[in-house]
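The values are calculated or read from the model by the stated rules, or taken from the named source; none is laboratory data. Bear in mind the structure is a predicted one, so any value in this text is a computation, not a measurement. FYI the Cβ positions are ideal-geometry reconstructions off the backbone, even for glycines, and counts take in every protein chain you see. When the accessible area is computed, the model is the full protein with side chains, heavy atoms only, and any ligands, DNA or RNA have been set aside. Shrake-Rupley method; radii C 1.70, N 1.55, O 1.52, S 1.80 Å.
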Amino acid sequence: MAPGNSEFPLPGFNIDERLWDQNSLLGRFKHYLWVTDPRTVFTPTSKLYKAKQLVEDYRAGVLPPGVTKEDLIYAKKLYESSFHPDSGELQNVIGRMSCQVPGGMILTGAMLQWYKTNLAVVFWQWMNQSFNALVNYTNRNANSEITTTQITVAYVSATSSALAVSLILKSYLAKAASPFLQRYVPFAAVASANMVNIPLMRQRELANGVMMFDEAGNEMVTSKAAAAKGITQVVTSRIVMAAPGMTLLPVVMEYLEKKKWMQKIKPLHGPIQIMGVGCCLLFMTPFACSIFNQRCAITSTTLKSLDSKAYDSLIKKTDGKPPEVLYFNKGL
């Protein structure tokens, strides 16, 4: 556990506490707007490790000469956006939430623009699911390890489900619906794939449970019910994240493409969709992450009804005096 406020060099500044109240949606939104800043993707690795070192030094009660509170807040931003909260390891750059805007806008925009041929559907859904698999692995609860075989099964299953939904819907809608409705095939595929990709990529958590902690951060017990709750929330957030860009843009593009000036710049339709998705993701990435608190909570009473085995272990560990609320990292 990190030291309390009184042990930090700057009175009143706890570098492990978030800058905004995480019990409110607005506070969580401000936090994720700050930490998913896409500009951090381009920060050199050497600078990220310097930020990590500064955070660790401050935790240990050391404040290097000349370092200000503003320097510490910036180091905290780089640290929280680039290093895993469980393991402390540097996350791969593509899998970071701060890469959702640059990475997601290109892939989502491409799926929305190039959906008319089976080859285009297959290629862009494969690219998108490859990206999603990396994001899901990077933002898992790192206390639950996953094998290479499990990663491969999750990746193949999610990609196959996305391709199947895309091709089946495309084939059906081509005969039974207007070209406008066909624009929604990518969203249906992405939503269905998220329901497969995330649980499979985090199947170890569902099988073995995730570690839960008390208010003070002490390890209590592992719970499969907690894992299921966290993963359900993550799936919901990811679908919400993609929804506006993939449901509103088809309406906008259907309207704009009828304009004469748009018909004269057909090569730019793809870049226009990509930029449109980027604008949506700038807002939706932090909003979707903030719907549920990353420090997910479950009461002992709920645990008793949903996971009696974990509850029995909790009773033994606490000598019959379990904490009212337990916490765990649900991932992003």
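Placing a label point 7 Å from the Cα of T301 along the Cα-to-Cβ direction, the residues of region 307-332 whose backbone N falls under 17 Å of that point are 307-308, 311, 321-327. In the context of the full set of protein chains, residues of the chain present 49 Å² of accessible surface per residue (probe radius 1.4 Å, heavy atoms only). Within region 53-130, the percentage of alpha carbon pairs spaced more than 18 angstrom apart rounds to 58%. Just so you know, the Cα atoms of region 6-45 work out to an Rg and Dmax of 13.2, 35 Å.
With the convex hull of the Cα atoms taken as the outline of the chain, the averaged projected area works out to 19.8 nm².
Applied to region 230-240, the Karplus parametrisation 6.51 cos²θ - 1.76 cosθ + 1.60 on θ = phi - 60° returns per-residue 3J(HN,Hα) values of x, 5, 4, 5, 5, 4, 4, 4, 5, 5, 4 Hz, with x for Gly and Pro. Mean sequence separation of contacting Cα pairs (under 8 Å, at least six apart), scaled by the length of the chain, corresponds to a relative contact order of 20 percent.
Solvent exposure of E254, expressed as accessible area, is near 50 Å², computed with a probe of 1.4 Å over the protein chains only. Largest to smallest in accessible area, the residues Y115, Y49, Y172, Y155 fall in the order Y172, Y49, Y155, Y115 (1.4 Å probe, all protein chains included). Of the listed residues L119, L26, the order by accessible area with a 1.4 Å probe, largest first, is L119, L26. In degrees between 0 and 90, to the nearest 10, how far off the longest principal axis of the chain does helix 45-59 point, with axes built from Cα atoms? Rounded to the nearest ten degrees, it is 30. Which translational diffusion coefficient, to the nearest whole µm²/s, is obtained for region 187-291 from the Stokes-Einstein equation, given a Kirkwood hydrodynamic radius over C-alpha pairs, 10 °C and 1.306 mPa s? The diffusion coefficient I find is 97 µm²/s.
Calculated FRET efficiency, V62 and L25, Cβ-Cβ r, R0 30 Å, to nearest 0.05? Using R0 = 30 Å, I get an efficiency of 0.25.
Assuming charge only on the beta carbon of Lys and Arg (+1) and of Asp and Glu (-1), the dipole of region 56-175 about its Cα centre is about 680 debye to the nearest 20.
Residues within the reach of a label modelled at L256 (point 7 angstrom out along Cα to beta-carbon, backbone nitrogen below 19 Å), restricted to region 100-117, are 101-116. Computed across region 253-317, the Kirkwood radius stands at 16.5 Å (inverse of mean 1/r, all Cα pairs). Net charge dipole, region 59-117: roughly 160 debye, given to the nearest 20, about the Cα centre with Cβ charges of +1 for Lys and Arg and -1 for Asp and Glu.
Between helix 100-113 and the chain, what is the angle of the helix's C-alpha long axis to the longest principal axis, kept within 0 to 90° and rounded to the nearest 10? Once rounded, the angle reads 20 degrees. Go through K30/K259; K47/K224; K76/K321; K30/K69; K304/K330 and tell me which ones have a Cα-Cα distance over 30 Å in this structure. Where the Cα-Cα span goes over 30 Å, the pairs concerned are K30/K259; K47/K224; K76/K321. Label separation (M195 vs E89): 3.1 nm, computed from points 7 Å beyond Cα along the C-beta direction. Convex hull volume of the Cα atoms of region 1-118, normalised per residue: 140 Å³.
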